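Each remark here refers to the structure printed beneath this line.
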Amino acid sequence: MAARLKEAYYSEIRPTLKQEMGERNIYDLPRVDKIVVNMGVGDAMADARMLEMAMAELALITGQKPAIRKARRSIAGFKLREGVNIACMVTLRGERMYEFMDRLLNVAVPRIRDFRGVSPRAFDKQGNYTLGIREQTIFPEIKLDDVQRVRGMNVTFVIKNSRSQDESRELLRRFGMPFRS
């Protein structure tokens, strides 16, 4: 069974984008290439179990085993040494990407307290969108009793073939991204 948002992209979103943008080739239209979920675990320097718990939670949320990220350089002010494990990340593509996007936009984001929409300005020059999430507990897969520490994460939507931020914004809006007006 194909992901709901994947079917919506190919049957509804892509044809309307093609018509609106006046593109002749469907492969020149913007599309979500991958979603990268990154969770920083700064307290893993003191306690290695914190990173293991964060990895387990990220695996529950995304359905994929996270990769460990190491510090690239030493920073004395944070007592950080180069090569120390400080974060975990997952890169989602294909079916898992569309399933995660569906759960994020339709289940998790509406559960955020005092939610008024996501910022429409968090695009980079290439048209990629990064969404900061303050706590992992908005995902229904996470049981509140098992959470020892509330952690935030960054969710980056990498958009291919986007010539401007406006094209990327329109694509994500059609997927159901609740942008603040």
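For residue 179, what residues show an amide H to amide H distance below 5 Å, using hydrogens built from the backbone and excluding near sequence neighbours?
Residues meeting the amide H criterion: 118.
Once amide H atoms are placed 1.01 Å from N in the peptide plane, what residues at a sequence separation of 5 or more from residue 34, or on another chain, have their amide H within under 5 Å of its amide H?
Excluding prolines and chain starts, which carry no amide H, the hits are 158.
Please work out, to two decimal places, the log10 of the ratio I(q)/I(0) at q = 0.16 Å⁻¹ from a Debye calculation in which every Cα of region 36-181 carries one identical scatterer.
Evaluating at q = 0.16 Å⁻¹ gives log10 I(q)/I(0) of -0.93.
When the dipole is taken about the Cα centre of region 7-145, and only Lys, Arg (+1) and Asp, Glu (-1) are charged at their Cβ, what size is it in debye, to the nearest 20? Don't skip to the answer; put the middle values down first.
Details: 23 positive and 19 negative charges, 108 e Å.
Dipole of region 7-145, to the nearest 20 debye: 520 debye.
What number do you get for region 38-108 when its Cα radius of gyration is normalised by 2.2 N^0.38 Å, N = residues?
Rg over 2.2 N^0.38 Å, computed on Cα atoms: 1.27.
With N set to the residue count of region 90-161, report its C-alpha Rg divided by 2.2 N^0.38 Å to two decimal places.
On the way: Rg = 13.2 Å, N = 72, 2.2 N^0.38 = 11.2 Å.
Expressed relative to 2.2 N^0.38 Å, the Cα Rg reads 1.18.
Go through region 57-63 residue by residue and turn each phi into a ³J(HN,Hα) via Karplus (6.51, -1.76, 1.60, θ = phi - 60°); whole Hz please, and just put x for glycine and proline.
Per-residue couplings from phi come out as 5, 5, 5, 5, 5, 9, x Hz.
Peptides 34-42, 4-12, 129-137: what's the order by average Cβ count within 10 Å, highest mean first?
With the highest mean Cβ count within 10 Å placed first, the list reads 34-42, 129-137, 4-12.
Could you give me the radius of gyration and the Dmax of region 1-44, taking only the C-alpha atoms into account and expressing both in angstrom?
Here Rg and the maximum Cα pair distance are 16.1, 51 Å.
State which entries of 70/160; 6/65; 6/160; 18/160; 6/125; 70/125 exceed 19 angstrom in Cα-Cα distance in the structure shown. Present the calculation step by step, with values, prior to reporting the outcome.
Numbers: 70/160 27 Å; 6/65 22 Å; 6/160 15 Å; 18/160 15 Å; 6/125 25 Å; 70/125 26 Å.
Exceeds cut-off: 70/160; 6/65; 6/125; 70/125.
Since every read-out is calculated from the coordinates, none of them should be taken as a lab result. Bear in mind the structure is a predicted one, so any value in this text is a computation, not a measurement. Please note: Cβ atoms are built from the backbone with ideal geometry, for glycine as well, and neighbour counts cover all protein chains shown.
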